[in-house]
Number of protein chains: 2
Amino acid sequence: MIFFKVNKNNKSTHIYQQIYHELKQGILEQRIPANEKLPAKRKLAQTLDVSINSVTNAYEQLIEEGYIYPMERKGYFVENITQFNHHNDTGNLKISNDLKEKELNREGWISLSHMTADISMFPFKEWVKSQNKAIKNHKEELSEISHPQGPYLVRQTIAHMIAVTRGVVCEAEQIVIGTGTQPLVRQLMQMQKNNTKIAVENPGYSRIYTLLKDMQFDVSAVPLDKKGVKVDSIESINPDFLFITPSHQFPTGIIMPISRRIELLNWAALSQNSYIIEDDYDSEFKYGTDNIPSLQSLDRNQRVIYSGTFSKTLLPSLRISYAVLPPDLLRAYRRHYEDWIQGSNSLGLFTLHYFIDSGEYAKHMKRMNHHYEIKRKNLIKELRLQFKEAIHIKDVPAGLHFLAQFKTEKSYEEIEAKARQEKLEIYTLRRFMLDDEPAETSTIELVIGFASIGNEEIAEAVDRLYRVVNFS
Amino acid sequence: MIFFKVNKNNKSTHIYQQIYHELKQGILEQRIPANEKLPAKRKLAQTLDVSINSVTNAYEQLIEEGYIYPMERKGYFVENITQFNHHNDTGNLKISNDLKEKELNREGWISLSHMTADISMFPFKEWVKSQNKAIKNHKEELSEISHPQGPYLVRQTIAHMIAVTRGVVCEAEQIVIGTGTQPLVRQLMQMQKNNTKIAVENPGYSRIYTLLKDMQFDVSAVPLDKKGVKVDSIESINPDFLFITPSHQFPTGIIMPISRRIELLNWAALSQNSYIIEDDYDSEFKYGTDNIPSLQSLDRNQRVIYSGTFSKTLLPSLRISYAVLPPDLLRAYRRHYEDWIQGSNSLGLFTLHYFIDSGEYAKHMKRMNHHYEIKRKNLIKELRLQFKEAIHIKDVPAGLHFLAQFKTEKSYEEIEAKARQEKLEIYTLRRFMLDDEPAETSTIELVIGFASIGNEEIAEAVDRLYRVVNFS
């Protein structure tokens, strides 16, 4: 019945493991049938010429894993292991071609994406120094999951920083750290009733629009005038949440003037149950103009949820963002998410704390503001030189992108296809038109990001763009 | 009308900024009324005894930010800025006491938590070395957001690894990286219809149960027998998704025998539309017993979603987990989440790639298996010495925790309160009983984690536990 040999010279496997393995295979393949009695340990040991101990160990592991069972004074028996049902008889587990990922060959591409940061200037050395402090000082915290809102120390540091830079009035308690604005908005909205009404800017941040639609909320895409989102539309919709980007409207670049800010705050205060989500995603970059105070800093009625990110100021790949919740929402958030695990890596968060605390963050910001200002100027200059009358740039000196209008008979589809062909990564306004297609006119608008382009690449990028807009 | 002075000796503020600031304040406080004409630039320059340039710069910034507007040939006028509505007249923005976080003084505490890893053994030096490679080789990827499922290279490395260690049959395409099992399960479930039926183990992973309940699904908590989740219950509920922890049931520690695995796979195959989520959260730790093959590796009908994590093997604070989706689910996932941004920090992910690739991960696993095995043995020995007949330990040599039953007249509430008093972090079975309270018996069960306790702390921990269970 049982027939196999043990290789005593095999140094890499114990003898008991060989016995275990052979018996297991026999049972799985039903060569040893269910309920069959196994040989007594002593007998098997003799047959195989091994010690009883080896057999005992093998039997114990088989019991542990459920292949055999002992019966008192009777011995060991094979479990009744049901056979597999095979539906997929081909046994072909390869994924089909439509799911295969094509290798993205980025060789030769130039990026005018608005979603990047300039990594060539990132102070990795100082970042790693801060990380060393984090490792040294926070061993215990790093061995655990953190507070659902993120480590208190890090929240404190962020609270102090945004008080100074953005006038945000808050305590560490009110800060919720997350891996991005998108997941933070989802967390917040997951707590709301199904019939919650939300308004977003149009054109606007399409990922947020998609998310909220997907969550089945009643989402309105509200048009803009030259000051930002239209107040009369907001008043007539009277949403429970209004998601806006006042410091540098995405993607149009409008800086919402103080008058519109106050109008919106007054609407939220009167409406009482409404909140404004202020996504301050790139307010840190202003070239030669001061920041207008954040909505949150002007709010006296706790109607504003402020949200910020380190994706633009540090790196998008770090995935560190935060929201500042007014007390009522904070209370609800805590109740709702006491079991929710913070998703941002604490090592990165404590590193951020030391990076800010040591002054490196402020230094980096200063350097990057200067650096981006120069790149922006150069790019705009080159674009104007090349396109002359055929370009109109909305020249708002802020952020890491601008909107430019081009005279062309080409459609958005044609422009997008041609850009791929020219190996130029660039996004068109169409992507951010939320519930309508752009009107057919003799112009198209492009969102031009300048964060990751090198100064030496600018001339080539503008040449490619010229061919994209003017190909025949 | 306008009256303020400029301090020319102030080195830290430009003169134009002082003018800008004074005018802005005047406008906001309505000392300068709406629609009032500002002085001509030349005149204000004379009055303040500054250059015209300074006034021009100040006016330009005020226009930019919307405080004043120019009228051609007429001059500059103050915007009509609505006054704020103040609901909260006290102006008191301090958060109330119920929201304040008490400082957690961990001084003197000993932890028998099941949620930690032993950071004293973590090879930070090698981790930082891998991070250096990541920084050096992936600059471009680090300046961007990554693929929604995580960087391909990292998914490839994980796919290779789990093929070897867990027999998981998959391609890199099928892997979705996430910041934890909880958010991965949420992503997956968010795609499902409202009437989706889900079954989970009881006792079981309460965070997942809470999440699924919160998402308004029809969730059943299914009892266990000695082989794990009961098949007849599963067959009668016939859930669309079954969430289980076969390699080391959480929290009871049951290793699901091969016979039960096959029964469940057969159920899923017959049911056709049902999936099993196999949460393989700590399968890497087995002491003197081999791993039973993962459900996914036995499945021939693509009914298993495998999920794994680096929270136990590396650190919970890293927030790196992953799920392996069968092709049909993958297709749906891609459609649903093309706009979703990967939440795991790419620097950490590329670091993980090099850490695995260089063999450091395997070395670390070997070291930790040995280290945890010793701690586990010592702790169990001490517990048995101290409690004698009053303890029954479910001694399954696997994972980073075990379940122990204590004879005591105390209630769970009493035990939990006394543990806090003794500064002993430990969790009771009650926390993992999903929809029922534990029966009143003369025993209680504790989930005893041994990952973060030092060998030198074991005696003291057991003393405290003795006082917790036997106080009078």
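Points worth noting:
- Cα coordinate range in segment B:124-358, projected on the principal axes (Å, largest first): 55, 44, 30
- Of the residues A:Tyr275, A:Tyr59, ranked by 1.4 Å probe accessible area with the largest first, the sequence reads A:Tyr275, A:Tyr59.
- Residues A:Asn97 and B:Glu389, FRET efficiency given R0 of 60 Å [Cβ-Cβ distance, rounded to 0.05]: 0.40
- 5 angstrom amide H check on B:Gly228, placed H, neighbours 5+ away: none
- Rounded to two decimals, the Cα radius of gyration of segment A:1-96 over 2.2 N^0.38 Å is 1.25.
- Label separation (B:Asn10 vs B:Asp225): 8.2 nm, computed from points 7 Å beyond Cα along the C-beta direction.
- Remark on A:Ile393: its backbone amide H falls under 5 Å from those of A:Gln405, a criterion applied only to residues 5 or more positions apart or on other chains, H modelled at 1.01 Å from N.
- Sequence-separation-based contact order of segment B:1-96, relative, with Cα cut under 8 Å and 6+ spacing, percent: 28 percent
- List B:Thr165, B:Thr309, ordered by accessible area with a 1.4 Å probe, largest first: B:Thr165, B:Thr309
- Helix A:412-421 axis, angle to chain A major axis (alpha carbon atoms, nearest 10°): 60 degrees
- Taking the longest Cα principal axis of chain B as reference, the axis of helix B:15-28 is set at about 80 degrees.
- Expressed as a fraction of 2.2 N^0.38 Å, the value expected for a compact globular protein of N residues, the C-alpha radius of gyration of the protein assembly as shown is 1.08.
- Members of segment A:142-159 that become less accessible by 50 Å² or more once partner protein chains are added (1.4 angstrom probe, chain alone as reference): A:Leu142, A:Ser143, A:Glu144, A:Ile145
- Here the accessible area of segment B:287-399 is 49 percent carbon and sulfur, with a 1.4 angstrom probe and all protein chains present.
- Working from label points 7 Å from Cα in the Cα-to-Cβ sense, the A:His370 to B:Asn455 distance is 5.5 nm.
- Partner chain coverage, peptide A:317-325 - average Cβ within 10 angstrom: 4
- Evaluating 6.51 cos²θ - 1.76 cosθ + 1.60 at θ = phi - 60° for every residue in segment B:246-258, the Karplus couplings come out as x, 6, 5, 3, 9, x, 6, x, 4, 8, 5, x, 4 Hz, glycine and proline recorded as x.
- Across the identical copies, how the A:Asn35 labels are spaced - nm, sorted shortest first, 7 Å along Cα→Cβ: 10.0
- Here chain B is treated with +1 on each Lys and Arg Cβ and -1 on each Asp and Glu Cβ, and its dipole about the Cα centre works out to around 1180 debye.
- Once C-alpha pairs closer than 8 Å and six or more residues apart are averaged by separation and normalised to the residue number of chain A, the relative contact order reads 18 percent.
- Rounded to the nearest 20 debye, the dipole size of segment A:1-96 about its Cα centre is 380 debye, using +1 on the Cβ of Lys and Arg and -1 on the Cβ of Asp and Glu.
- Long-range HN-HN contacts of A:Ala398 with modeled amide H, under 5 Å: A:Tyr287
- GluC sites (Glu not before Pro) lying in DSSP loop within segment A:417-457, provided at most 11 other Cβ fall within 10 Å: A:Glu440
- Span per principal axis, largest first, for the Cα atoms of segment A:221-326 (Å): 39, 28, 25
- Largest-first ordering by accessible area, 1.4 Å probe, given options A:Met189, B:Met215: B:Met215, A:Met189
- Looking at the protein assembly as shown, the accessible area is 43 square angstrom per residue; that uses a 1.4 Å probe and ignores ligands, DNA and RNA.
- Folded to 0 to 90 degrees: helix A:52-64 orientation relative to chain A principal axis, Cα: 40 degrees
- Which listed pairs, of B:Lys213/B:Lys388; A:Lys227/A:Lys377; A:Lys100/A:Lys418, have C-alpha distances above 30 Å, in listed order: B:Lys213/B:Lys388
- Placing a label point 7 Å from Cα along the Cα-to-Cβ direction at A:Asn369 gives distances to the equivalent points in the other copies of 5.5 nm, listed shortest first.
- Taking the C-alpha atoms of chain B, convex hull volume expressed per residue in Å³: 248 Å³
- Surface accessible to a 1.4 Å probe, B:Thr210 within the full protein complex, Å²: 60 Å²
- Association of chains B and A removes close to 9700 square angstrom of accessible area from solvent, both sides included, for a probe radius of 1.4 Å.
- Ligands, DNA and RNA left out, the 1.4 Å accessible surface of segment B:106-164 is 56% carbon and sulfur atoms.
- Listed by chain and number, the lysines whose C-alpha is less than 20 Å from the C-alpha of B:Lys230, apart from same-chain residues fewer than 8 away, are B:Lys197, B:Lys394.
- Nearest-10 value in Å² for the accessible area of B:Phe471, using the 1.4 Å probe: 50 Å²
- Segment A:115-201: trypsin sites (Lys or Arg not before Pro) falling in loop per DSSP and having at most 10 other Cβ within 10 Å: A:Lys193
- The solvent-accessible area of A:Trp340, taken with every protein chain present and a 1.4 Å probe, is close to 40 Å².
- Residue separation of A:Arg420 and A:Ser271 scaled by 0.36 nm, minus their Cα-Cα distance, works out to 49.0 nm of gained length.
- Converting phi to 3J(HN,Hα) with the Karplus coefficients 6.51, -1.76 and 1.60 and the offset θ = phi - 60°, segment B:361-373 yields 5, 4, 4, 4, 4, 5, 4, 5, 4, 5, 4, 5, 4 Hz in sequence order, with x at every glycine or proline.
- Under a model in which nothing but the beta-carbon of Lys, Arg (+1) and Asp, Glu (-1) is charged, segment B:124-358 shows a dipole of about 300 debye around its Cα centre.
- CD proxy at 222 nm, helix term only [per DSSP H run n ≥ 4: -39500 (n - 2.57); per residue of chain B; nearest 500]: -12000 deg cm²/dmol
- Taking the label point 7 Å along Cα→Cβ, B:Ala459 and its counterparts in the other copies are spaced 7.8 nm apart, in ascending order.
The values are calculated or read from the model by the stated rules, or taken from the named source; none is laboratory data. In this text the structure is predicted, and so the values were computed from the model without any measurement. Backbone-built Cβ (ideal geometry, glycine too); neighbour counts: all protein chains shown. Only protein heavy atoms, including side chains, enter the accessible area calculation; ligands, DNA and RNA are left aside. Shrake-Rupley method; radii C 1.70, N 1.55, O 1.52, S 1.80 Å.
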